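Novice: Below is the structure I would like to discuss, written out as structure tokens.
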2 protein chains.
Amino acid sequence: MSEAPYLTFDLDTPGVSRGHLVIPGGTDRGELSLPVFSLNKGEGPRLLVTGGNHGNELEGPIVARRLIKWLPEAQTCGRVIVLPVLNPLAVEAWSRNTPLDGLNLNRIFPGRADGSVTERIADAVSRVLLPMADTVFDLHSFGPTWDFPPAATTHPIADPDLMARTVRMAEAFKLPLTLVWQHNDTAGMFDITAQNQGKVFVCTEFGGGTVGADNLAIYEAGVRNAFIALGLIEGKAEYPTFRQQKSGQTLETRPSDELKSPAPGIFEPRCSVLDEVKQGDLVGILHPMDSLSAESIDIRAPETSIVLAVASGAHVEADKVVALVARPLKK
Amino acid sequence: MSEAPYLTFDLDTPGVSRGHLVIPGGTDRGELSLPVFSLNKGEGPRLLVTGGNHGNELEGPIVARRLIKWLPEAQTCGRVIVLPVLNPLAVEAWSRNTPLDGLNLNRIFPGRADGSVTERIADAVSRVLLPMADTVFDLHSFGPTWDFPPAATTHPIADPDLMARTVRMAEAFKLPLTLVWQHNDTAGMFDITAQNQGKVFVCTEFGGGTVGADNLAIYEAGVRNAFIALGLIEGKAEYPTFRQQKSGQTLETRPSDELKSPAPGIFEPRCSVLDEVKQGDLVGILHPMDSLSAESIDIRAPETSIVLAVASGAHVEADKVVALVARPLKK
């Protein structure tokens, strides 16, 4: 029989609390304590903010730390729980998955109490924190090998009412991109578990590469906008500036919108995220590296669309996704 | 007795040749063939251009591929050998070191014929290609967790004449930064082996994060400038534009210019590369993630200097370098 995960403090305590979510030990390692911040101002929205779900996406933990700094001055009602780093083992290793068990935390929700450490983290979050919130913001980035605009995303949700509320919440971030993302690898994601409990879940994404001041400011502004929309803080929501633009658009993308590498090689991007491309426009070039006689291969847009994500800086195998396009969401 | 590495074609053949540098097999794996391009226009400079020394620095291989495309039209004399990917095993794994033996190719030169695969690559390059060149350009990047301006770099060289020629060659790239980099981890680097043979060796660097069209254009322009300076091609060398600036500066940096993390955590940059900072200016903030009670720690410039490199997007242990500053080179 496993021990149960627990919080070291009472979430009902008024005002600011700091403590830990304790993940019981297992056969693979001992107990793990995740720092948790909570600010309880009584009646109102109940929000859970998480970062560090993947260990090489560190804008989320930085924005979560900033939040903890200004929230005590700003929050007027409700309860906010902030867990800046969901998976410290992956963060310390700058690794998407947990090195100890090789698992992707965002594919094994709701977790298992008697599983390996990643499954125990998911179990603790699902059982201890998730029931205390009606809305969840999980702060991701797109990782080091992709370029991606600052975005609030969701997957399609079967329940049309929850879907509509989720898209409205995502749009309230006022980030350059709101995205409904249909893909085939959603089993075990944190959002599925939360949505099954009727909660509004928004996953923020952006990238790529290094963490920069400009991108952090956009990310933080988006989170602040969402707090305003929820009524947790007062203020005026504003579109942050991204590449000289102050606006946002809502797009959808499907598995058929994935552009794939025709051969192994290095992908060189020839467009930028949020570029509009027409059928036949050059999106990038695949350079085979195993032969200098092999010509580099142009990868072109299959139809008029908007470039959503561009792979860069990595060698790809054949038939791997190197770019993703999208189109305006039909509501 | 090991087999000897060899080229599948004769470098003395006039005009364009394409073939492979064959690395003999060993106990760890079989033979490896690295694609090599050569363009022989007779008398003149003898240049070797290499990329993909580290597997997660892929701008070099892309620029090398571009070079192969325009060089046949442009080169007027001399001989250029291009090896776009020195370490295909690392490139395919998007890994700095070779996964098979864990070795950093740029720390085990001149290699060993009877060593593991990384040592055999170094041995083949040192014995087969290096003697055929008087000048070497090794095209690196700064990897995914650093921001670094486009730069042509060298380490300090004991021989003052070779040092002066190397700095002149590096400055001929006209990149935003020419850097003399003194650090304590140079044993086994490719440049040391080349310099010991009296060759001019320039290591280009830049970063970070994703591979983008703007940065590739700067990198390619720098290489082109250096080809013009060598007299291999005709044309006018021009400073590429980097952050609205069209100029270059020559700096030096020493081990004492490394700013280190005072604690484990996530480093948030608060300055940009090539910013001038005064003593006490904020360079970045270290956010401890193991406790939310621990205050974030400001990291400030120890003296007036120029920011050279900024870590970003990675969790760091205590006492790890998070930023590097520099000062104008005293010639």
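We did not get these values from a lab; they are worked out from the coordinates using the rules stated. Here the structure is a predicted model, which is why all the values come from computation and not from measurement. When we count neighbours, we look across all protein chains shown, and the Cβ atoms used for this are built from the backbone with ideal geometry, even at glycine.
Novice: Could you work out which residue, out of B:S38, B:S261, B:S291, moves most in a Gaussian network model of chain B, that is, has the largest mean-square fluctuation with Cα springs under 10 Å?
Specialist: Among B:S38, B:S261, B:S291, the largest GNM mean-square fluctuation belongs to B:S291.
Novice: Would you mind counting up the charge near B:T8? Only other residues with Cβ under 15 Å from its Cβ, with Lys and Arg at +1 and Asp and Glu at -1.
Specialist: Computed value for this residue: -4.
Novice: What's the magnitude of the charge dipole for region B:157-236 around its Cα centre, counting Lys and Arg as +1 and Asp and Glu as -1 at the beta-carbon? Answer in Debye, nearest 20. It would help to have the intermediate numbers written out before the result.
Specialist: On the way: 6 positive and 9 negative charges, 46 e Å.
Using Cβ point charges on Lys, Arg, Asp and Glu, region B:157-236 gives about 220 debye.
Novice: In region A:6-252, with Lys and Arg counted as +1 and Asp and Glu as -1 at Cβ, which of these residues, A:I62, A:L48, A:V16, has the Cα nearest the positive end of the dipole, that is, farthest along it?
Specialist: A:V16
Novice: Compute, for region B:6-252, the length of the dipole vector about the Cα centre, with Cβ point charges of +1 (Lys, Arg) and -1 (Asp, Glu) only. Units Debye, rounded to 20. Intermediate results must be reported in sequence, preceding the final value.
Specialist: Working: 21 positive and 27 negative charges, 95 e Å.
Taking the Cα centre of region B:6-252 as origin, the dipole is about 460 debye.
Novice: Please list, in chain and number order, the residues 5+ apart from B:E31 or on another chain whose amide H is under 5 Å from its amide H, with Hs placed from the backbone.
Specialist: Amide H neighbours of B:E31, under 5 Å, 5+ apart: B:G25.
Novice: In nm, to one decimal, how far is the A:D10 label point from the A:S291 one, both placed 7 Å along Cα→Cβ?
Specialist: Each label point is offset 7 Å from its Cα along the Cβ direction, giving 7.3 nm.
Novice: Within the P(r) computed for chain B, what percentage of the Cα pairs occupies the region above 36 Å?
Specialist: 20 percent
Novice: How would you rank B:194-204, A:66-76, highest first, on the average number of other Cβ atoms within 10 Å across their residues?
Specialist: Ranked from most to least packed, the peptides come out as B:194-204, A:66-76.
Novice: Now for a separate question. Within a 10 angstrom radius of each residue's Cβ in B:74-86, how many Cβ atoms of other chains show up on average? Whole number is fine.
Specialist: Rounded to a whole number, the mean comes out at 1.
Novice: Please give the charge dipole size of the protein assembly as shown, origin at the Cα centre, charges +1 on K and R Cβ atoms and -1 on D and E Cβ atoms. Round to the nearest 20 debye.
Specialist: Numbers: 60 positive and 80 negative charges, 242 e Å.
About 1160 debye.
Novice: Could you give the length gained on full extension between A:S272 and A:E31, defined as 0.36 nm per residue of separation minus the Cα-Cα distance, in nm? List each step's numbers first, then the result.
Specialist: Details: separation 241, 0.36 × 241 = 86.76 nm, distance 4.42 nm.
Between A:S272 and A:E31, full extension yields 82.3 nm more.
Novice: Looking at region A:6-252 only, what percent of DSSP beta bridges run antiparallel? Nearest 5 please.
Specialist: Of all bridge pairs located within region A:6-252, approximately 50 percent are antiparallel.
Novice: Considering every residue in B:293-300, what mean count of other chain Cβ atoms within 10 Å of its Cβ is obtained?
Specialist: Details: counts 4, 1, 1, 5, 0, 0, 0, 0.
Going residue by residue through B:293-300 and averaging, the value is 1.
Novice: Take the Cα atoms of region A:48-152, find their three principal axes, and give me the spread along each one in whole Å, biggest first.
Specialist: 41, 34, 22 Å, listed from the longest principal axis down.
Novice: Amide H to amide H, which residues 5 or more places from B:G111 or on other chains are under 5 Å from it, using H placed in the peptide plane?
Specialist: Here nothing satisfies the definition.
Novice: Could you give the length gained on full extension between B:R243 and B:R127, defined as 0.36 nm per residue of separation minus the Cα-Cα distance, in nm? Before the final figure, lay out each step's value.
Specialist: Values: separation 116, 0.36 × 116 = 41.76 nm, distance 4.09 nm.
Full extension of this stretch gives 37.7 nm more.
Novice: Checking the cross-link filter: which lysines have an alpha carbon closer than 21 Å to that of A:K246, excluding same-chain neighbours under 8 positions apart?
Specialist: Partners within reach: A:K174, A:K236.
Novice: Check cross-link reach from B:K331 to the aspartates and glutamates: straight Cα distance under 16 Å, and skip same-chain residues fewer than eight apart.
Specialist: In chain and number order, the partners are B:D159, B:D161, B:E171, B:E252.
Novice: Would you list, by chain and number, the aspartates and glutamates whose Cα falls below 17 Å from the Cα of A:K69, excluding same-chain residues fewer than 8 positions away?
Specialist: Straight-distance partners of A:K69: A:E59, A:E220, A:E234, B:E268, B:D290, B:E295, B:D298.
Novice: When chain A is treated as a GNM, springs tying every alpha-carbon pair under 10 Å, which of A:L129, A:L282, A:L292 comes out with the largest mean-square fluctuation?
Specialist: Comparing A:L129, A:L282, A:L292 in a Gaussian network model of chain A, the most mobile one is A:L292.
Novice: Next question. If I take every Cα pair under 8 Å that is 6 or more residues apart in chain B, average their sequence separation and divide by the length, what percent do I get for the relative contact order?
Specialist: 14 percent
Novice: Further, regarding this structure: Identify which of B:P150, B:P35, B:P264 has the largest mean-square fluctuation in a Gaussian network model of chain B, with springs joining Cα atoms closer than 10 Å.
Specialist: The residue with the greatest mean-square fluctuation here is B:P264.
Novice: Shortest first, in nm, what separates the label point of A:S291 from those of the same position in the other copies (7 Å along Cα→Cβ)?
Specialist: Distances to the matching label points in the other copies: 6.1 nm.
Novice: Report the per residue volume, in Å³, of the convex hull enclosing the C-alpha atoms of region A:245-285.
Specialist: With only Cα atoms used, region A:245-285 gives 105 Å³ per residue.
Novice: Could you pull out every residue, at least 5 positions away or on a different chain, whose amide H is within less than 5 Å of the one on A:V136? Hs are placed 1.01 Å off N in the peptide plane, and Pro or chain starts have none.
Specialist: The answer is A:L48, A:V200, A:F201, A:V202.
Novice: Let me check I've understood the local charge: for A:T241, count other residues with C-beta under 14 angstrom from its C-beta, Lys and Arg +1, Asp and Glu -1. What total comes out?
Specialist: Working: positive: A:K174, A:R243, A:K246; negative: A:D214, A:E220, A:E238.
Its environment carries a net charge of 0.
Novice: I would also like to ask the following. Once every DSSP H run of n ≥ 4 in chain B is given -39500 (n - 2.57) and the sum is divided by its residues, what mean residue ellipticity at 222 nm do you get, rounded to the nearest 500 deg cm²/dmol?
Specialist: After summing the helix terms and dividing by residue count, I get -6000 deg cm²/dmol.
Novice: Which semi-axes, in whole Å and largest first, does the equivalent ellipsoid of region A:257-328 have when worked out from the alpha carbon gyration tensor as the square roots of 5 times its eigenvalues?
Specialist: 22, 11, 10
Novice: On to the next question. What is the diffusion coefficient of region B:134-273 in µm²/s, taking the Kirkwood radius over Cα pairs and the Stokes-Einstein relation at 25 °C with a viscosity of 0.890 mPa s?
Specialist: D, rounded to a whole number, is 153 µm²/s.
Novice: Take the eigenvalues of the Cα gyration tensor for the protein assembly as shown, scale each by 5, and report the square roots as semi-axes in whole Å, largest first.
Specialist: 46, 26, 24
Novice: Moving to a separate point now. Near A:G212, within a Cβ-to-Cβ distance under 11 Å, what is the net charge of the other residues, with Lys and Arg +1 and Asp and Glu -1?
Specialist: Within the 11 Å Cβ shell, the charges total -3.
Novice: Within 10 Å of each Cβ in peptide B:261-268, how many partner chain Cβ atoms are there on average? Round it to a whole number, please.
Specialist: Averaged over the peptide's residues, the number is 4.
Novice: Order of B:C271, A:C77 from fewest to most other C-beta atoms within 10 Å? Don't skip to the end; give the middle numbers.
Specialist: Details: B:C271 20, A:C77 14.
Taking fewest neighbouring Cβ atoms as first place, the list is A:C77, B:C271.
Novice: Can I ask one more? Return B:T13, A:T250 ranked ascending by Cβ neighbour count within 10 Å, so the fewest neighbours appear first.
Specialist: B:T13, A:T250
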